[in-house]
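Worksheet: the structure to be examined is printed underneath.
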Amino acid sequence: MDLYCVMGNPVEHSRSPWIHARFAELTSQTLSYGRRLVPIGGFADAVAAFRADHSGTARGCNVTVPFKFDAAALAQHLTPRAALAHAINVISFRDDGIHGDNSDGIGLVNDITLHAGVPIAGSELLLLGAGGAAAGVLGPLLEAGPRRVVVANRTLAKAIALVQRHAALALQHHVSLEAQELHAVPGTFDVVVNATASSLAGGEVPVDGGVLKPGALAIDMMYGPAAAGFMAWARAHGAVPRDGLGMLVEQAAEAFETWRGVRPPTATVLAELRAIVDAK
Ligand code: ATR
């Protein structure tokens, strides 16, 4: 049987095994998907061990925090969006080596446009953060054709570097792209994406509520307690809050299609997963 897994640290709470098992059921695919806790500094060894443990049947894996950069360095072939992100979350083992992709950005775009029903084309979009999470999504956000994207970060230099790396892509898609400090964000936005880790540390949302247009979509890339502070902030400022559960399902769907050549029904799986998470 074809084998897959998610590798991370921590990894025990990952929903990926459940999501991929459900995708497999709904598309009549035969596969097994597990999880592997990888010691810090041991990513390459863990990939080698996974392949050695299942010689010939290990087909790929998802990569989560904190190994997305290690994974990009390990892969011999990167998709253009993965090369731009400097990080990957999807690995495929093929005859010519390890292939890497980053499906986080297209997962976010698909959640916003398909599940939240908010168009990105022509919109004004604010991306909070300039770390790995932000880098993973900026390319596909630009490709979705917003009118303007501001990347705002506590450390301005990191936002500037991220924006410079994406300048050619922004130009190609006629997007006005700029870097700003969190406390000096000019204008108001239709969509605000939180890719900072501030809520993980229990911190305040690091930007003024005035950045939200009335009824704006404010989406955190996390879900559960980690997204609660940002969502409460969004609600209090008249925006529509959204967590990262839909992005999680959509990035998984992209990986599943890469591996299996079949697109799983994401709306069904998202509704089921939402019920499970809400029941906790
Ligand atoms: P990840 O892979 O989750 O993006 P990361 O690469 O460490 O993790 O990036 C964390 C992001 O959250 C960065 O944009 C960071 O801002 P800095 O670049 O200034 O460090 C942001 N961040 C973390 N804690 C924050 C806080 N308390 N307030 C504002 N931004 C914060």
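The values are calculated or read from the model by the stated rules, or taken from the named source; none is laboratory data. Because the structure is predicted, anything quoted here is derived from the model rather than measured. Don't worry about glycine lacking a Cβ; one is built from the backbone with ideal geometry, like all the others, and counts go over all protein chains shown. Accessible surface is based on the protein model in full, side chains and every heavy atom, while ligands, DNA and RNA are left aside. Shrake-Rupley method; radii C 1.70, N 1.55, O 1.52, S 1.80 Å.
A few points about this structure:
- In the stretch 163-198, residue nearest to Asp243 (Cα to Cα) [restricted to those that are among the polar types (S, T, N, Q), touching a strand residue (DSSP E or B) at 6+ places or on another chain (Cβ under 7 Å) and surrounded by 14 or more Cβ atoms within 10 Å (Cβ to Cβ)]: Asn194
- Condition met for Val11 (part of a loop (DSSP other than H, G, I, E, B) and open to solvent by less than 60 Å² (accessible area, probe 1.4 Å)): yes
- Hey, Gly41 without any contact (Cβ under 8 Å) to a residue 24 or more places away in the chain and either in the same structural domain as Glu272 (by TED's automatic domain parsing) or farther than 28 Å from Leu141 by Cα (or both) or not: yes
- Pair list, Cβ under 7 Å, 6 or more apart: the stretch 17-29 residue open to solvent by less than 30 Å² (accessible area, probe 1.4 Å), other residue modelled with pLDDT under 95: none
- Matching residues, the stretch 131-162, being of a type in the set (A, V, I, L, M), free of Cβ contacts under 8 Å to residues at least 60 places away in the same chain and open to solvent by less than 30 Å² (accessible area, probe 1.4 Å): Ala135, Leu138, Leu141, Leu142, Ala144, Val149, Val150, Val151, Ala152, Ala159, Leu162
- Residue within the stretch 33-46 that is within 16 Å of the ligand (Cβ to nearest atom), among the β-branched types (Val, Ile, Thr), at pLDDT 95 or above and open to solvent by 10 Å² or more (accessible area, probe 1.4 Å) present: yes
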